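Trainee: Have a look at this one before I ask anything.
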Amino acid sequence: MDFDVKHIAKLAMLQFTDEEAAEFEKEFASIVGMVENLPELESAGTLLDESDTMELREDTVTPSYPRDEMLKNAPHAVAGCIVVPKTVEQ
């Protein structure tokens, strides 16, 4: 199976050298080969153990610090919210 590593890199906004691209292509082929060789599972039965009741824990809310206490550590806060730099460019 051939992979267009440069196209994948462009979609992921990554940059790397031709040598790195060749190495990634080998790794992708290795991963796909491993997945293709996984054994088939019989779908006749369920994979769940019926004797295990899987009792879940009770969710409890634990008190946290008051908002004004937390905002004391923030470098910049407006109207009770922490202001952070823009991280996504358009």
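Any read-out appearing in this document is the output of simple, stated calculations on the displayed coordinates, not a laboratory observation. In this text, all values refer to a predicted model and were calculated from it rather than measured experimentally. Every residue, glycine as well, gets a Cβ built from its backbone with ideal geometry; the counts of neighbours run over all protein chains shown.
Trainee: Got the relative contact order for the chain handy, in percent, Cα pairs under 8 Å and 6 or more residues apart?
Mentor: Normalised by residue count, the contact order of the chain is 16 percent.
Trainee: Amide H to amide H, which residues 5 or more places from residue 77 or on other chains are under 5 Å from it, using H placed in the peptide plane?
Mentor: Amide H neighbours of residue 77, under 5 Å, 5+ apart: 83.
Trainee: Ok, one more. Determine the dipole magnitude for the chain: charges of +1 sit on the beta-carbon of Lys and Arg, -1 on that of Asp and Glu, nothing else is charged, the reference point is the Cα centre, and the result goes in debye to the nearest 20.
Mentor: Its charge dipole is roughly 900 debye.
Trainee: Just how large is the dipole of the range 11-61 about the Cα centre, in debye to the nearest 20, putting +1 at every Lys and Arg Cβ and -1 at every Asp and Glu Cβ?
Mentor: 120 debye
Trainee: For the chain, build the charge dipole from Cβ charges (+1 Lys, Arg; -1 Asp, Glu) around the Cα centre, then report which of 71, 9, 29 sits farthest towards its positive end.
Mentor: Most positive-ward Cα: 71.
Trainee: Okay, moving on. What FRET efficiency, computed as 1/(1 + (r/R0)^6) with R0 = 35 Å and r the Cβ-Cβ distance, is obtained for residue 67 and residue 14, rounded to the nearest 0.05? Intermediate values should be presented prior to the final figure.
Mentor: Numbers: r = 38 Å, r/R0 = 1.10.
Efficiency, from the Cβ-Cβ distance: 0.35.
Trainee: Before rounding to the nearest 500, sum -39500 (n - 2.57) across all DSSP H runs of length at least 4 in the chain and divide by the residue total; then give [θ] at 222 nm in deg cm²/dmol. Don't skip to the end; give the middle numbers.
Mentor: Values: 3 runs with 31 residues, N = 90.
Taking each H run of at least 4 residues, the total per residue is -10000 deg cm²/dmol.
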